[in-house]
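**Student:** The structure's right below; bear with me while I get my questions together.
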Amino acid sequence: MSVAVLRRAARETLSGLPREFWWLWTSTLVNRLGGFVATFMALYLTLDRGYSASYAGLVASLLGLGGVVSSLGGGVMADRLGRRPTLLVAQTSTAASVALLGFVEHPVAIAGVAFLVGMASNASRPAVQAMMADIVRPEDRVRAFSLNYWAINLGFAVSSMAAGFIAEVSYRAGFLLEAGMTLVCAVVVFLKLPESRPEREEKAVREDSVGLGAVVRDGRFMSVVGLSFLVALVFQQGAVGLPVAMGAAGFTPADYGMAIAVNGVLIVALQIPVTRFIEHRDPRRLLVVSSVLAGYGFGLTAFAGSVGVFALTVCVWTLAEIVNAPTQTGLVVRLSPTHGRGRYQGMYTLSWAVASLVAPVMSGFVIDRFGAEWLWGMCAVVGTAAGVGYAVLMRRLPGGIGGQVEGRAEKKVDDRVEGKVDDRVEGKVDDRVEGKVDDRVEGKVEGRGEVSEIVVGEKAGAAAEPAAGAV
């Protein structure tokens, strides 16, 4: 492949996105580059503080529980206060709580602050996704979400490697570094990102308000949330079920590290080129295929007997993750009303937060009672069920995601406008001409051509407005 082809591909992938998106992307990357605490938290508690593995697990659960609580709260804040204030509050709170976590010593205090860290750090996610949907054109959203996901994984890969070296020097330095880099994110948001929440008039606020109750009653969207929870349960096994199963089979932590490293490397290497391939594909098929591929990717782990084979299974479900993540996020945006994006994104984030709590318990119970082979078999079943669920659900969804929806919507608007113009103009053109000939036509009644053009233009605008709202 020539350098010119690579340059053109990079230009097509990165061009056309607004400047605000790139500042938001930069904030995400910096935030993930500083994500040291999640990597060495268990080691910090067991090796540096001398607490038991059970206590370390409890703290990890409290971190996740904080994320569950703030998923919905962050979504509500993003809609009520705005995306920018929510990001600023969440990031400054995260910085303060992470720094505090490095200094508290009492076990109850550590557990309480860990819960606050989980709340603060997860509260920004609905606002980030809602802001991205606000500022990026519909046809570019899948590409934008893919680039954001790429930044998350690139930052995580770098921070995971750096965390080991930082921990050898000082665990407290890791806490303070993460706090400092999170503050940098807040500064970027404050200086470079304007508020993106769509503005509404007071009457529109009353008519179009979207509460959490409305989100829960949206059966189609809640079906997506349920399917997302199933897919998240499967993907979570890479971090909770796989290391336990490999350890029980006699593999070392280093063996697991080599296998799981393939996940980060492939995402960084393939996320952008795969996005170019899937950007204009049918999202229905992408969600079905990626869900089934994830399930059977983990299912194949039952036959792994060496680090190389484990790495191959990681390759399979990583490909599913690369396809599923941006497509799923695009579907959430597709189903979210403009003025309720924060709440809808919060509910979607909640599905992953709950899965992060359920997955460790589920995998531990299944492995202890029945063996790891049953866990991998369950992953295949759950992935297949999610794929079937998407296939059934997406049949009832009009159009596709992103640009495909907008393109079809525009065509529908045009068709509806033409029909309404034909029906309404014929009957009313005479009345309009007689009443407004002096003001609008000024002596050009004879041809009637200009009058027809004026009336058709007005009627088309009037018809297009309700049609666009309906779409």
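The values are calculated or read from the model by the stated rules, or taken from the named source; none is laboratory data. Being a predicted model, the structure only gives us computed values, none of them experimental. Positions of Cβ are backbone-derived with ideal geometry, glycine not excepted, and every protein chain shown enters the neighbour counts. Heads up: the accessible areas ignore ligands, DNA and RNA and are worked out on the full protein's heavy atoms, side chains in. Shrake-Rupley method; radii C 1.70, N 1.55, O 1.52, S 1.80 Å.
**Student:** Scanning segment 256-306 for residues that are open to solvent by 20 Å² or more (accessible area, probe 1.4 Å) and hydroxyl-bearing (Ser, Thr, Tyr), which turns out modelled with the lowest pLDDT?
**Tutor:** Here the answer is TYR256.
**Student:** Would a scan of segment 237-250 turn up a residue that is over 29 Å from ALA151 (Cα atoms), modelled with pLDDT under 85, open to solvent by 50 Å² or more (accessible area, probe 1.4 Å) and hydrophobic (A, V, I, L, M, F, W, C)? So that I can check it myself, show each step before the final result.
**Tutor:** Step one: list which residues in segment 237-250 are over 29 Å from ALA151 (Cα atoms), which gives 245, 247-250.
Add one more test, that the residue is modelled with pLDDT under 85, and what stays is 247-248.
The next check asks that each one be open to solvent by 50 Å² or more (accessible area, probe 1.4 Å); those that pass are 248.
So of that shortlist, the ones also hydrophobic (A, V, I, L, M, F, W, C) come out as 248.
For segment 237-250, residues over 29 Å from ALA151 (Cα atoms), modelled with pLDDT under 85, open to solvent by 50 Å² or more (accessible area, probe 1.4 Å) and hydrophobic (A, V, I, L, M, F, W, C): present.
**Student:** For the condition surrounded by fewer than 24 Cβ atoms within 10 Å (Cβ to Cβ), closer than 27 Å to ASN148 by Cα, at pLDDT 85 or above and not basic (Lys, Arg), what is the one hit in GLY389, GLY377, GLY383?
**Tutor:** Numbers: GLY377 fails: closer than 27 Å to ASN148 by Cα; GLY383 fails: surrounded by fewer than 24 Cβ atoms within 10 Å (Cβ to Cβ).
Selected residue: GLY389, the only one of GLY389, GLY377, GLY383 that is surrounded by fewer than 24 Cβ atoms within 10 Å (Cβ to Cβ), closer than 27 Å to ASN148 by Cα, at pLDDT 85 or above and not basic (Lys, Arg).
**Student:** Next question, about the same structure. Return the only residue of GLY118, GLY102 being under 16 Å from THR182 (Cα atoms), surrounded by fewer than 23 Cβ atoms within 10 Å (Cβ to Cβ), of a type outside the set (Val, Ile, Thr) and touching a residue at least 40 places away in the same chain (Cβ under 8 Å).
**Tutor:** GLY102
**Student:** Give segment 138-171 a look and list any residue that's without any contact (Cβ under 8 Å) to a residue 40 or more places away in the chain and either closer than 22 Å to PHE277 by Cβ or among the aliphatic types (A, V, I, L, M) (or both), or say none. Break it down stepwise before answering.
**Tutor:** Quick first cut of segment 138-171, residues without any contact (Cβ under 8 Å) to a residue 40 or more places away in the chain only: 161, 165, 168-170.
Within segment 138-171, MET161, VAL169 qualify.
**Student:** So which residues in segment 15-46 are open to solvent by less than 50 Å² (accessible area, probe 1.4 Å), among the polar types (S, T, N, Q) and at pLDDT 85 or above?
**Tutor:** Once the filter is applied, which keeps residues that are open to solvent by less than 50 Å² (accessible area, probe 1.4 Å), among the polar types (S, T, N, Q) and at pLDDT 85 or above, segment 15-46 yields THR26, SER27, THR28.
**Student:** Now for a separate question. Is it fair to say GLY340 is modelled with pLDDT of 85 or more and touching a Gly at 6+ places or on another chain (Cβ under 9 Å)? Explain how you work it out, then say what you get.
**Tutor:** Details: modelled with pLDDT of 85 or more: no; touching a Gly at 6+ places or on another chain (Cβ under 9 Å): yes.
No.
**Student:** Let me ask something else. Working carefully through the options GLY112, GLY75, GLY50, find the one that is more than 25 Å from the chain's Cα centre (by Cα) and outside any loop (DSSP other than H, G, I, E, B).
**Tutor:** Numbers: GLY75 fails: more than 25 Å from the chain's Cα centre (by Cα); GLY50 fails: outside any loop (DSSP other than H, G, I, E, B).
One residue alone meets the criteria, GLY112.
To keep it simple, each residue is scored yes or no on (1) part of a helix (DSSP H, G or I); (2) touching a residue at least 24 places away in the same chain (Cβ under 8 Å); (3) under 30 Å from GLY305 (Cβ atoms); (4) among the aliphatic types (A, V, I, L, M).
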| residue | (1), (2), (3), (4) |
| --- | --- |
| GLY180 | yes, yes, no, no |
| VAL184 | yes, yes, no, yes |
| PHE190 | yes, yes, no, no |
| VAL210 | no, yes, no, yes |
| VAL224 | yes, yes, no, yes |
| ASP255 | yes, yes, yes, no |
| MET258 | yes, yes, yes, yes |
| VAL268 | yes, yes, yes, yes |
| ILE272 | yes, yes, no, yes |
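**Student:** In segment 322-343, which residues are open to solvent by 10 Å² or more (accessible area, probe 1.4 Å) and touching a Leu at 6+ places or on another chain (Cβ under 9 Å)?
**Tutor:** Scanning segment 322-343 gives VAL323, ARG334, LEU335, ARG343.
**Student:** Being touching a Phe, Trp or Tyr at 6+ places or on another chain (Cβ under 9 Å) and among the acidic types (Asp, Glu) is the filter; apply it to segment 175-228 and report the residue that is modelled with the lowest pLDDT.
**Tutor:** Per the criteria, the residue is ASP218.
**Student:** Could you tell me whether ALA95 is touching a residue at least 12 places away in the same chain (Cβ under 8 Å), touching a Leu at 6+ places or on another chain (Cβ under 8 Å), over 21 Å from VAL187 (Cβ atoms) and of a type outside the set (Lys, Arg)? Before the answer, list the steps.
**Tutor:** Values: touching a residue at least 12 places away in the same chain (Cβ under 8 Å): yes; touching a Leu at 6+ places or on another chain (Cβ under 8 Å): yes; over 21 Å from VAL187 (Cβ atoms): no; of a type outside the set (Lys, Arg): yes.
So ALA95 does not fit the description; no.
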